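Report on the structure given below.
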Amino acid sequence: WSSDVCSSDLLGSEELLKKALDSTLLEGDGEVRFRHQLFQEYFTARALQGRLGEIPAMEFWPREKWWERSGWEETAVLLAGLHAGDCTGVIRWLAEAQPEVAAQCILESGAEIADRPGLLGELQAAWLPRLTDMELEPSPEGRAAIGRALGRLDLDRRKGVWVDEKGVPEIDWVEIPGGEFVYQGGERRLIETFLIARYPVTNRQFQTFLDAEDGYRNDRWWKGMTNPDRTPVAGSWTEGNHPRERVSWWEAMAFCGWLGHKLGRDVRLPTEWEWERAARGTEGRVYPWGDEYRTGYANINETYQDAGSHSLGRTSAVGLYPEGASAEGVLDLSGNVWEWCLNEYEKPDRVQAGGQESRVLRGGSWGYDLDHARARYRGYVHRNLRDNDIGFRVVCGAPSAEH
C-alpha cells in the first residue's frame, strides 16, 4: 500500500493506521506493508483464492526440483483453509505439482473434503506409480517426497508395507534358494533355502505390535532375554511406510516372536550369513546390485567420499530405490537403516537370546557412506541401542506350500 493514497481508507481511518503501525502489524513510511509473514501469506492466499484455474501450481514449485521448499507452503495451507467447507479444488490443484504440500493441506488446514475417500483414492492412484517408477520420477528426492506424502496419509498399501485385514503385519516374502555362496572375503558356504522380507519392518507394522493387547507388553515374547529394556521409544519419523527406527535388538526379537505366533511360522532375525546371501547373491557382489557403487541406488549420504550428490538426511519410504534390488529382488539392503542380525559380533556362531554381548548390524544407513553400505561390511553396537538409523527385517525357514 501507499500510505498517502489508500492505506487509511482501506483501514477506515488515520487513527487505525497509526495503531496498526504502533502495534507493528504494519510497517513502512510511504510504502506500507504487513510486517508479519503470516499476514503476508494470508492475504496472498486470499488473492489466490479465486484464481486457481488461472495459475498452475508448478509456477510455485517448478517441475525440475518440485520437492524443494519454495516458501509458498504455508500460503497453500492457508489457501486450503479458506475453502473450509470443501478444499478439494485446492488439493487437486496441488496434487501433481506438489504431493507433499497437498498432504500437508489435508492434515493441517482444518478444511473439510466433500468426498474424502474418493479424493484420497485419486491421490493414491496418481502418486503410487511415481513412488517407484524411474521414468515418472527419476530423482530420489522427488520419490522420497512422494513417499512422505503417501505415508502421512496412510495411502501406501503396497504388499509388505502395511498390515492385513486382521491387523497383522503383511510381509512380502522373497525366497532365497539354498546352496553354495561366497561369504565375506571368499569363503564358500552352504545355506538352506529361507524366506526374507522384501523390505525392513515399517512404522505401521511395528506400531501394530506396540498397540496389540497380546503384543509388546506380553511377557511371552521376552523370555530368555537378559534384562531387556521394555520401555519403547518413539521413532524419529512417523510416516507409516518408512522403516521403523530406534528399535533395540531386544525389541526386534520380541516383534519376531509375536509375528511368528500370528503367522504360525518361525519368524526371526536373519543370521549374518542369511543376510549376506540375500544381499550379495551367490557370487559375492560388493553391493546388492553389483560390484560398483551407482549414484541414486541407495539412501546413503553420497556427499561423503564424493560418491554422488544425493543425501536425503533421513529415512525414506521402503522400496524407494528399485534399481538397488538384490539378485532375488530384495530391497533396501544397502542404506536407509542399519539392520539387526541374530549374531554376536565377536562370536558370530552364538545366536542365543540371552547375554549382553554386542550384536551385528548390516547394510549401512541414510547417514553413512558407500563403504558402510557394502554388503560384506560388519557393524556392531550394544543390543540396547536405539538410534534413528537402526531398524530390522525378518526371515523365516524354508517356504511351505502356501508360499
Query raised in the report: Applying the selection to the range 105-139, what residues are in contact (Cβ under 8 Å) with a residue 40 or more places away in the chain, open to solvent by 20 Å² or more (accessible area, probe 1.4 Å) and either farther than 25 Å from residue 318 by Cβ or not in a loop (DSSP other than H, G, I, E, B) (or both)?
Result: 107, 132
**Report entry** Index of the failed condition, residue 297 passing every other in (1) in contact with a helix residue (DSSP H, G or I) (Cβ under 8 Å, 6 or more places away or on another chain); (2) more than 30 Å from residue 266 (Cα to Cα); (3) open to solvent by less than 10 Å² (accessible area, probe 1.4 Å)
**Finding:** (3)
Report task. Report whether or not residue 217 is without any contact (Cβ under 8 Å) to a residue 40 or more places away in the chain and more than 23 Å from residue 277 (Cα to Cα). Result -> yes
Requested in this report: Residue by residue through the range 140-165, note down the ones that are surrounded by fewer than 16 Cβ atoms within 10 Å (Cβ to Cβ) and either free of Cβ contacts under 8 Å to residues at least 40 places away in the same chain or assigned to a helix (DSSP H, G or I) (or both).
Outcome: 157, 159, 164, 165
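If only one of 249, 237, 221, 258 is under 20 Å from residue 339 (Cβ atoms), hydrophobic (A, V, I, L, M, F, W, C) and open to solvent by 50 Å² or more (accessible area, probe 1.4 Å), which one is it?
So the residue among 249, 237, 221, 258 that is under 20 Å from residue 339 (Cβ atoms), hydrophobic (A, V, I, L, M, F, W, C) and open to solvent by 50 Å² or more (accessible area, probe 1.4 Å) is 237.
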Report task. Could you please find all residues in the range 302-332 being in contact with a helix residue (DSSP H, G or I) (Cβ under 6 Å, 6 or more places away or on another chain), open to solvent by 10 Å² or more (accessible area, probe 1.4 Å) and among the hydrophobic types (A, V, I, L, M, F, W, C)? Result -> 312
Requested in this report: Specify which of the listed residues (315, 282, 303) is of a type in the set (Val, Ile, Thr) and within 23 Å of residue 136 (Cα to Cα).
Outcome: 315
Report task. Can you run down the residue pairs with Cβ atoms below 6 Å, 6 or more apart or on separate chains, where the first is in the range 248-276 and in contact (Cβ under 8 Å) with a residue 12 or more places away in the chain and the partner is polar (S, T, N, Q) and surrounded by fewer than 20 Cβ atoms within 10 Å (Cβ to Cβ)? Result -> 248/384
Query raised in the report: Within the range 200-216, can one find any residue that is part of a strand (DSSP E or B), surrounded by 19 or more Cβ atoms within 10 Å (Cβ to Cβ) and modelled with pLDDT of 95 or more?
Result: yes
Query - Condition check for residue 282: open to solvent by 60 Å² or more (accessible area, probe 1.4 Å), among the polar types (S, T, N, Q), modelled with pLDDT of 95 or more and touching a strand residue (DSSP E or B) at 6+ places or on another chain (Cβ under 6 Å) - result: yes
Query raised in the report: Say we look at the range 261-276 and pick out the residues that are open to solvent by less than 10 Å² (accessible area, probe 1.4 Å) and not in a loop (DSSP other than H, G, I, E, B); which of these is nearest to residue 199 (Cα to Cα)?
Result: 275
Report summary line: Log entry, pairs with first residue in the range 49-76 being without any contact (Cβ under 8 Å) to a residue 60 or more places away in the chain, second being aromatic (Phe, Trp, Tyr) and not in a loop (DSSP other than H, G, I, E, B), beta carbons closer than 7 Å, six or more apart or on different chains, reads 52/93; 57/93
Query raised in the report: Hey, does the range 339-354 have a residue that's open to solvent by less than 10 Å² (accessible area, probe 1.4 Å), over 24 Å from residue 177 (Cα atoms) and without any contact (Cβ under 8 Å) to a residue 24 or more places away in the chain?
Result: yes
Query raised in the report: Is there a residue in the range 20-38 that is at pLDDT below 55, among the small types (Gly, Ala, Ser) and surrounded by 13 or more Cβ atoms within 10 Å (Cβ to Cβ)?
Result: yes
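The values are calculated or read from the model by the stated rules, or taken from the named source; none is laboratory data. Values in this document were obtained by computation on a predicted structure and should not be read as measured data. In this analysis, Cβ positions are derived from the backbone assuming ideal geometry, glycine residues included, and neighbour counts consider all displayed protein chains. With ligands, DNA and RNA removed, areas are computed over all heavy atoms of the protein, side chains included. Shrake-Rupley method; radii C 1.70, N 1.55, O 1.52, S 1.80 Å.
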